[in-house]
1. If the only charges are +1 at each Lys and Arg Cβ and -1 at each Asp and Glu Cβ, what is the size of the charge dipole of the protein assembly as shown around the Cα centre, to the nearest 20 debye?
2. Over the residues of segment A:256-323, compute the C-alpha Rg and express it relative to 2.2 N^0.38 Å.
3. Note down the magnitude of the dipole of chain B about its Cα centre, charges +1 on Lys and Arg C-beta and -1 on Asp and Glu C-beta and zero elsewhere, to the nearest 20 debye.
4. Once amide H atoms are placed 1.01 Å from N in the peptide plane, what residues at a sequence separation of 5 or more from B:VAL179, or on another chain, have their amide H within under 5 Å of its amide H?
5. May I ask what percent, to the nearest 5, of DSSP beta bridges between residues of chain B are antiparallel?
6. Taking the Cβ of each residue in B:TYR309, B:TYR243 as the centre, tally the other Cβ atoms inside 10 Å and list the residues starting with the fewest.
7. Quick check for you: which residues of segment C:50-90 have the amide N under 17 Å from the point 7 Å beyond the Cα of C:TYR141 toward its beta carbon?
8. To two decimal places, what compactness ratio does chain A give when its Cα radius of gyration is scaled by 2.2 N^0.38 Å?
Amino acid sequence: MIWFKRMNKRNLISTVVGVLVLTLISIFSTKSYELPKILNLIFIYSISALALNIVCGCLGEFVLGHGGFILIGYTTAVILMQQISKLFTKSMGKVYFKEILVYVVRGGELHPMGYVFIILTVIVAALITAIIGFVVGLIALGRLKGDYLAIVTLGISLIFVNVCKNFDSLGGGTGISITTTISSTPLLNLAFLVAILILILTFMGSRFGRNILACRDDNIAAEACGVPVNKTKVIAFTFSSLLAGIGGALLAFVQPQAPTAFGQDMSILFLIIIVLGGLGSLTGSIIAAILIVLYENWFCVQSWVPEFFANNPKIIYGIILVLIMLFRSSGILGKNEFTWNWFYKLFKKKDNKKETLEGDK
Amino acid sequence: MKKLFSLLVVLLLVCSVVGCKEKEAETIKLGSSGPLSGSVSIYGLAVKEGVELAVEEINAAGGVDVDGKMMKLELVDFVNDEADAKKAAAALTSLISKDVDVVVGAVTSGATEGLIAEAVKHGVPVITPTGTADKLTVGDNGDERDVRYNVFRACFYDSYQGKFMGQYAADQGVKKAYVLYNNDEDYSKGLKDAFVETATANNVNVVTAAYSKQDKDFNAFWVPILEGGYDCVYVPDYYENVYNILKTGYAKGYEGVCYGGDGWDGVIKQVKEGEDASFLENCFYTNHYFGESESPAVKTFVEKYQAKYGSIPVSFAALGYDAVYIAKQAIEACDSLEYDAVVEALTTGTFSGLVTSSTPFTFNNGNPEKAAVVITFKDGKEVEAE
Amino acid sequence: MNTLLEGLKQGLELGSIFALMALGYSMVYGIVKMINFAHSEFITIGGFLAYFITESLLKSTFGNSIWSLLIALVAAIIVCVIVAIITERFAYRPLRKKGSSRITALITAIGVSYIFSGIMNAIEPEQLQFHKFVDKNTSFYIAIITTAVLLALLTFFVKKTKIGIAMRAVSENEQAAKLMGINNNFIIALTFMIGSALAAIGVVIYLLDGECFTFEIGSVTIGLYPFVAAVIGGIGSLPGAVIGGFLIGIIRAITQVYSNIGLSSWVDTIIYGIFVIILLFKPSGLLGKDVREKV
């Protein structure tokens, strides 16, 4: 819990207050039509981006197959939920089952049992993704590095997509979904995000975390100092795929998606997010995720926005990417973390001014 | 203080997204979604034209009679979803925030599935003009009708036309059939499964082969067909690929027949000026209606459409047109704009006078009970087959 | 047997087109150590340009003659080269000057490819069909011969000429090359130019027999395959890229001619599976050189 001690009190309190405000927004957002979806996506994209950031930012290895692991999380969650659904329909009768699970915006709310089911499903899906991630990491990380690792992970993720595409029960052409049966709430996703942030901070503060950072800064020096480089890499990769699995599983309760949507484009999207936020900066990833989600789901659908933006997101992304890389290649936050200091500075300056004014009098 | 104030403004802005729905019963608001750009844009544009024509026509005739009050129809938005599920889902939320009373959309099956995932939460009546996948109205395993209670379609569904074509092939005396389907489209897979099931049951020998969205060159795919001597190839896909496949196949010397589904509508427009279209003459496909048929409903629709847009409407335009009329009849039947009342009226009502169905029909699990027509080509034009 | 032969033939044709495109990836990676994701968009640009020029030439006095094709080809090459120079000059060179990390370079390349792909989409989202200049049989010979000739020329160029030697020097050690008086920026720009010219030639040969294509021809239809080919063959190695191209092309065509037994839906799994296995056992590709990391 090193991070906890390192954080200054003011920042800690502000963060807690911020989370509380978000919680309140999440709870009351269900009254709106668009807000829950946007919040859900923000939280889920943040989780998935954080997962990628562990490998790319903290470990310094370059992975282009993130979408594949999110796909595994998504598919496992859908299949598990379908099985749970079948089981309950059989034993309890359909009507009762629907009462427990269906979450309807108008009037209804997610039943407490629904929360339990979602959390269980997500955990199992994440574990399965982690196991697959461990195997992939074991095979690929020991032998390859740099661009080659990136390409191999991309290839592996495309194999996952191809397999899911070929079996109708795993997705098929347009994908499988459960969102008509059960869908999660922003509150739940926020809870997952906070839990994962705490988990990551704890993990990165531990011995493994420091090993990971040592590997990033210098592989050979780290090895010379007795850091088990390969083992560390595999652990980081497995941890990352565990989180990616959580992201994918949560996504399954928010929106239906076809397997092909998890291919190259999604992997690149998350790469864009973490680079935009700053490699190695956890809060940077979250900020970038917020920006991307707001751009896609809020900005583009506004009636006052020219259709050009909605129809050609690729041009906009491309221009933003190139400009950021050319003029601020470290991203929004660089390697720093977001703090509330600017917030207090705003008021501090004011106070100073007041004091001087008063002094003048 | 200024900074605090600006913060408050930002908070207010955030809260303003959390708007409440207030119904102003001035007009009946229709919302729609479909691909207006991208590879299947021809469908979205056709549906849009059909919907706009119907709205114009109904308004010119006075509007919709809701409990004795004549109300005008208003198409508040036709969102471009580029046939993408994610965008269609976003389209629905944006339509809901514009207080739509009925959603006419989406156009392609994949996008409609995305739209429905959101729509069931709001309960808004959804009439998809052209979403043909079976699962849209009843779910993946066919047992979700009580969840998707507000989803209806104006067209027949995939397994119906697949089975229809399978039966048709057997009736035509086909012995060895080959199915070339698109692995990336559930539309294609759905038709394939239904065709294979019916054809096999009728003692037709069927072999299937898959291609994916990245395949544009079909030369190699025709090799096993020509080697195996098949007398029928079933190609359930959308028109761009269909044109490619048929052209390649007949150029390579295939002499049998080709069958297809309603995704073929528009394939004739792919044939370029001065190009020999005779390769299409051995091809047959199922469609929702035939634009040059003699029935009076079709004739008046085609005339009006031609007067407005100057071309013969494809079936997608007719279905878009019909979807609006179905909505109108449902609203008039229940004299209300409440979501549940309209859904109830759609579930129980009988609908008549439509372009794509010569007989009145009711909805069974959200699917209309109507027949398909088989269309073939002659001299570069579409004609109805016997 | 006939099926297999047909598959091999189509595979060789597709393979030689992949090979031409793979050469571009391979040379650029060899010299700047960057995966040029924008290469696939050079392919698209080449295809689009050739299409629009042939369409307008067909109506002119040139008509359906070989001249329309040649003019279109040359124009496509020139435009692709210009696009490559602009990309290199304004997107990649500033990064090199700053000495940015590899991930930065890669993200920039992705950004550039997004921009081009978006523009192509905005220009023409519908499916296009290239004019049918030759039949399938002729285009097979054209593809094979062009690839063989270009490979020979390139090998000669890289091995024997002064600029080619400078190119190899830059790829070996940039700093040392600079000290030897080589103009690095010129050499790198030249590599990009050659790569994009090869992409343009490749795509025109691909389209030549009346192929249908969309704005996704570079990013989806041809997609990552040339790149995979370059990596399998060993990045930086010219014959390696060609071998990789043939390998991928033949696998793809074979799965297609045996689509009746269900091979075609597994094409991605097969190709990427082979790719991953090759890289695991020979991390630098079939003909690539092993580089040891030093302190």
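1. Using Cβ point charges on Lys, Arg, Asp and Glu, the protein assembly as shown gives about 5760 debye.
2. 1.17
3. Computed charge dipole of chain B: roughly 780 debye.
4. Correct list: B:VAL207, B:THR208, B:ALA209, B:TYR234.
5. 35
6. Arranged by neighbour count, lowest to highest, B:TYR309, B:TYR243 become B:TYR309, B:TYR243.
7. C:66
8. Rounded to two decimals, the normalised Rg is 1.06.
The numbers here are math on the coordinates, done by the rules we state, and not lab data. Source: prediction; values computed, not measured. Please note: Cβ atoms are built from the backbone with ideal geometry, for glycine as well, and neighbour counts cover all protein chains shown.
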